[in-house]
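Written out below as structure tokens is the structure these notes cover.
The values are calculated or read from the model by the stated rules, or taken from the named source; none is laboratory data. Not measured: the values here are computed from a predicted model. With ideal geometry, Cβ positions are generated from the backbone for all residues, glycine too; neighbour counts draw on all protein chains shown. Accessible surface areas use protein heavy atoms only, side chains included; no ligands, DNA or RNA. Shrake-Rupley method; radii C 1.70, N 1.55, O 1.52, S 1.80 Å.
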Amino acid sequence: MSLLELDDVKVHFPVKKGLFFDRTVGHVYAVDGVSLSIEAGQTYGLVGESGCGKTTLGRAVLRLNDITDGGVVFDGTDLAKLPGEEMRAFRRRLQMVFQDPLGSLNPRQNIESILSEGMAAHGIGKDQTERREKIKDILAKVGLPSNALSRYPHEFSGGQRQRIGIARALVLEPDVIICDEPVSALDVSVQAQVINLLEELQESLGLTYLVIAHDLAVVRHISDVIGVMYLGGLVEEAPSDALYAGPRHPYTKALMSAVPVPDPEVEDRRERILLHGDLPSPANPPAGCRFHTRCPWVQETKCATERPPLLDTGDGHKVACHFTAEIEAGTVKQTLATGIDAVTGTETVAAEAVEVSEDEPEAPAADAPEKEPATVPAQADAEAKETEAKAEGAKETEAKAEGAKDTEEKASDAREQSAAAEDIEKETADATEEASDATEKAGGSPQA
């Protein structure tokens, strides 16, 4: 029997409306029927795009979010049915490392107080002196000095705070640690340190991990088994190497195509799968297969009416798709584009290309170039965008030229006004001088 088993777990959040009386007008189906199992000493990676329900599922295991339906069986005990006090005792064996370490650490408590609080609640250690020695040992394992006990969370870097979060989970000697995006907020070099630390602790203490992340490279490095979530449900589950070598669900294929390859030649040759549209709202998920609104291989039958179960297709590779075998065999053709035209309509691109070509002068018949072969939609889109960019550049250059012309005209007008002002000033000076001479002559003439 597995150490941790989830059986058709559902977490639905009610949507309420009303000024005086709260009426439930709908639900947000954050997690909707997830089943998985984790063996002792294993690392299970959970991936998927933002909003698919990964974190909600992890919190539901600890009962931090109420479970609407289904079971969470840990070491033979269904946690979903435990009363509050008994669940509190089980939380010693189930701990969580949160995504935001600073937000999960009390800024008013020093590190010793934060780490010893859980130990005192679960009766670990006879007194504070014994707890302090155990905390020092744990801090040494996570790479922090013993003088960190008297410091506060804001005095540490992001990587150090994440190590404190790991230490807080370890002091209770748990069997399972749920790591929610443990390295997403850290630099790449610090990410490697934390991941290596988790692996070392797993080997030395025999820990079991549920790692929630969206960084596929991190999940591949640390996980034994990987589950892919989409809109509240699992769509594929397989051993790590098998999943990366041959993804079978259309959504997983699109995810894997987004992972960059360090070899530039391979990167240029491989296919990039772009999906239509955005992730549907979990408050109004589509009927049938949740992915059929974006699936490149969507079919008229079953996809929009029947939700596919997660079935084993061999070698522990589970897929939730009606046409897995047909897609692998190539007997089912794509019904939606997967290139750049999945994002931009081909007709719009062609219309823009025609408008640009009409504005350009036609070449003489003698100099007319040979007819080029027809381009695929992706090439037409790229050429249209390049032509549009050149047209925009020409417009910007013309606008700058007109602005320069206006500036020159204004400068010319200013020079003319300045010259006229100088002429007026000169005439005024001459008139003043003539008046002065006339006054002198009148004063010096003999009286009669």
Please find, among Glu236, Glu265, Glu203, Glu199, the residue that is free of Cβ contacts under 8 Å to residues at least 40 places away in the same chain, touching a strand residue (DSSP E or B) at 6+ places or on another chain (Cβ under 9 Å) and not aliphatic (A, V, I, L, M). Glu199
For the stretch 239-257, indicate whether the set of residues that are in contact with a Leu (Cβ under 6 Å, 6 or more places away or on another chain) and β-branched (Val, Ile, Thr) is non-empty. no
Can you tell me which residues in the stretch 142-191 are open to solvent by less than 60 Å² (accessible area, probe 1.4 Å), small (Gly, Ala, Ser) and closer than 30 Å to Leu6 by Cα? Gly165, Ala167, Ala169, Ser184
Might you let me know whether the stretch 219-231 holds any residue that is over 27 Å from Leu310 (Cβ atoms), outside any loop (DSSP other than H, G, I, E, B) and not aromatic (Phe, Trp, Tyr)? no
Out of all the residues in the stretch 261-277, is one or more charged (D, E, K, R) and open to solvent by less than 50 Å² (accessible area, probe 1.4 Å)? no
In the stretch 286-301, which residues are under 21 Å from Glu236 (Cβ atoms) and out of contact with any Gly (no Cβ under 7 Å at 6 or more places or on another chain)? Pro286, Ala287, Gly288, Cys289, Phe291, His292, Cys295, Pro296, Trp297, Val298, Gln299
Looking at this structure, is Asp75 among the charged types (D, E, K, R), modelled with pLDDT of 90 or more and closer than 30 Å to Leu216 by Cα? yes
Right, Ile111: closer than 13 Å to Ile164 by Cβ and either surrounded by 15 or more Cβ atoms within 10 Å (Cβ to Cβ) or β-branched (Val, Ile, Thr) (or both) or not? yes
Expected single match for under 29 Å from the mean Cα position of the chain (by Cα), in a strand (DSSP E or B), closer than 19 Å to Ala213 by Cβ and touching a residue at least 12 places away in the same chain (Cβ under 8 Å) among Val11, Val34 is Val34
Could you list all residues from the stretch 114-141 that are of a type outside the set (Lys, Arg) and either in a loop (DSSP other than H, G, I, E, B) or open to solvent by less than 20 Å² (accessible area, probe 1.4 Å) (or both)? Ile114, Leu115, Ser116, Met119, His122, Gly123, Ile124, Gly125, Asp127, Ile135, Ile138, Leu139
Can you pull out the residues in the stretch 294-341 that are open to solvent by 70 Å² or more (accessible area, probe 1.4 Å), in a loop (DSSP other than H, G, I, E, B) and either of a type in the set (S, T, N, Q) or under 18 Å from Ala254 (Cβ atoms) (or both)? Thr301, Thr305, Thr331, Lys333, Gln334, Thr335
